[in-house]
1. Quick one: what do you get for the range 1-139 if you divide its Cα Rg by 2.2 N^0.38 Å?
2. Report, to the nearest whole %, how much of the accessible area of the range 16-75 belongs to carbon and sulfur atoms, 1.4 Å probe, protein only.
3. Under 20 °C and 1.002 mPa s, how fast does the range 65-144 diffuse according to Stokes-Einstein, given a Kirkwood radius computed over C-alpha pairs? Answer in µm²/s, whole number.
4. Tell me, what does the Kirkwood hydrodynamic radius of the range 10-88 come to in angstroms if you use every pair of distinct C-alpha atoms?
5. Would you mind checking which residues have amide H under 5 Å from ALA89's amide H? H placed 1.01 Å from N; only 5 or more apart, or other chain.
6. Let's see if you can work this out: charge +1 on each Lys and Arg Cβ, -1 on each Asp and Glu Cβ, no other charges. What is the dipole magnitude of the range 39-107 about its Cα centre, in debye to the nearest 20?
7. Any idea what the alpha-carbon Rg over 2.2 N^0.38 Å comes to for the range 68-114?
8. I'd like to check one number: the per residue accessible area of the range 1-153, probe 1.4 Å, reported in Å² as a whole number.
Amino acid sequence: MADYFSRFSVLIPFRSVEARACALALQDAHNAQWGKTQPCTTEPFYFGAEEKPAEPDGTAPLWVSDQGCGNEEGVIAFVQECVRQKLCAGSRWSFIWSYDCSRPRLDAYGGGACVIDLETGERIASLDLAEMADAIANGNRETVRIDVGMAATAHDVLCLEMTAAKRNDDLAEDLKTLTPIVQALKAVSERKTITLSGFGPD
């Protein structure tokens with residue numbers, strides 16, 4: 001019999017040592033409630049946690065790892081609940097995990113990542129490696145390489161067009177839809193890898 005599990009190791013930033021203590025108390029209370037009325041809560045907050053020394057600015061990181069029993073959705077739900085309680089520090093938090101198995105299985109390996117807005121708790125972006133690979137292999141997603149210099153030039157041209165269009169309200173409104181493209185071109189010009197997603201006409 002094969003055992004499937006997630007692997008992760010990540011720091012969660014908290015506003016203060018006191019906020020971190022509140023987060024750990026929240027974890028204990030959530031798990032106690034989950035154990036009594038399962039499945040009233042989405043996931044138990046099961047993971048290993050170690051308090052790290054406070055930073056010079058007063059923020060207090062919590063080192064979270066799977067320790068053989070955790071799962072990524074529980075960690076994400078924990079962070080989102082901490083955001084709702086105004087305990088987290090920073091603007092965005094990124095989390096990466098991998099899937100492993102005690103025996104070689106075709107569906108055993110993979111992983112994913114997500115980015116959480118620490119002001120709202122919103123999952124800004126997420127990625128599943130298996131889904132991404134299948135989409136590319138089946139032609140549902142294209143990978144395009146863009147020259148850094150060309151991206152920088154295209155970015156500058158679009159910015160000039162958008163500046164000039166401010167004199168024409170109708171045209172300026174149309175060009176607002178290009179803002180994500182302009183941001184993407186800027187990221188490429190800085191040698192970053194980007195993902196654009198959307199839906200086209202049928």
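1. Relative to the rule-of-thumb radius for its length, the range 1-139 sits at 1.13.
2. Details: 1770 of 3290 Å².
After summing per-atom areas, the C and S share lands at 54 percent.
3. Values: Rh = 14.4 Å.
Estimated via Stokes-Einstein, D reaches 149 µm²/s.
4. Details: mean 1/r = 0.0787 Å⁻¹.
12.7 Å is the Kirkwood radius here.
5. Placed amide hydrogens put PHE14, ARG15 under 5 Å from ALA89.
6. Details: 6 positive and 11 negative charges, 24 e Å.
Taking the Cα centre of the range 39-107 as origin, the dipole is about 120 debye.
7. On the way: Rg = 13.9 Å, N = 47, 2.2 N^0.38 = 9.5 Å.
Taking the Cα Rg and dividing by 2.2 N^0.38 Å, one obtains 1.46.
8. Working: 9250 Å² over 153 residues.
Using a 1.4 Å probe on heavy atoms only, each residue of the range 1-153 averages 60 Å².
The values are calculated or read from the model by the stated rules, or taken from the named source; none is laboratory data. The structure presented is a predicted model; accordingly, all values stated were derived computationally and were not measured. Neighbour counts run over all protein chains shown; Cβ positions are idealised from the backbone, glycine included. All accessible areas refer to the heavy atoms of the entire protein, side chains included, with ligands and DNA or RNA removed. Shrake-Rupley method; radii C 1.70, N 1.55, O 1.52, S 1.80 Å.
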